[in-house]
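The values are calculated or read from the model by the stated rules, or taken from the named source; none is laboratory data. Keep in mind that this is a model prediction, so the values were computed, not measured. Every residue, glycine among them, receives a Cβ derived from its backbone with ideal geometry; neighbour counts consider all protein chains shown. The protein model used for the area step is the full one, side chains on, heavy atoms only, and it has no ligands, DNA or RNA in it. Shrake-Rupley method; radii C 1.70, N 1.55, O 1.52, S 1.80 Å.
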Amino acid sequence: MRDYNAWNREVIEEFRANGGRAGGMLEGMPLLILYNIGAKTGAMRINPLAYQEVKGGYAIFGSKGGSPTNPAWYHNLLANPEVEIELGTETFMVRARFTEGEERERIWTQQKIDFPQFADYEKKTSRQIPVIVLEPI
């Protein structure tokens, strides 16, 4: 089993060392770093996430690799929707907005077209993968 904290640290270090880009299996995928507050613990959490630029912000996806449960950061955003992100070499505040209906489908479909591994994640789970738009504030 992979140590995701160690993996996240490696991705974040590479992201910062390369001006907001990652290599290896993530090369070419747009990444941002999400700073979020633990819903239960109140502790700062840091997660590198794939994103898609959308009108008015940046969409992120609660795929968790097709796991049957949503990622912890999803629950953190429900409890504390105003967070900071690191994008490229900039850091700024955003507000999380949870999409639904046509908007969600349009963004999710584009993500699966651009990065087919997201379609694989969808096939692995019975839950609807959340699509959240982070809007600068």
Item checked: Contacts under 6 angstrom Cβ, first residue in segment 31-48 being among the basic types (Lys, Arg), partner outside any strand (DSSP E or B) and surrounded by fewer than 16 Cβ atoms within 10 Å (Cβ to Cβ), 6 or more apart -> ARG45/GLY38
Next item on the list: Please specify each residue of segment 14-65 satisfying the condition of being open to solvent by less than 30 Å² (accessible area, probe 1.4 Å), assigned to a strand (DSSP E or B) and aromatic (Phe, Trp, Tyr).
Entry: PHE61
Note to self: Looking for something over 24 Å from ARG21 (Cα atoms) and outside any strand (DSSP E or B) - is there at least one such residue anywhere in segment 81-93?
What the structure shows: yes
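For (1) closer than 18 Å to ASN5 by Cα; (2) modelled with pLDDT of 95 or more; (3) in contact with a Ser or Thr (Cβ under 9 Å, 6 or more places away or on another chain), each residue gets a yes or a no:
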{"position": "ALA59", "(1), (2), (3)": "no, yes, yes"}
{"position": "SER63", "(1), (2), (3)": "yes, yes, yes"}
{"position": "LEU77", "(1), (2), (3)": "no, yes, no"}
{"position": "GLU84", "(1), (2), (3)": "no, yes, yes"}
{"position": "PHE92", "(1), (2), (3)": "no, yes, no"}
{"position": "ASP120", "(1), (2), (3)": "no, yes, no"}
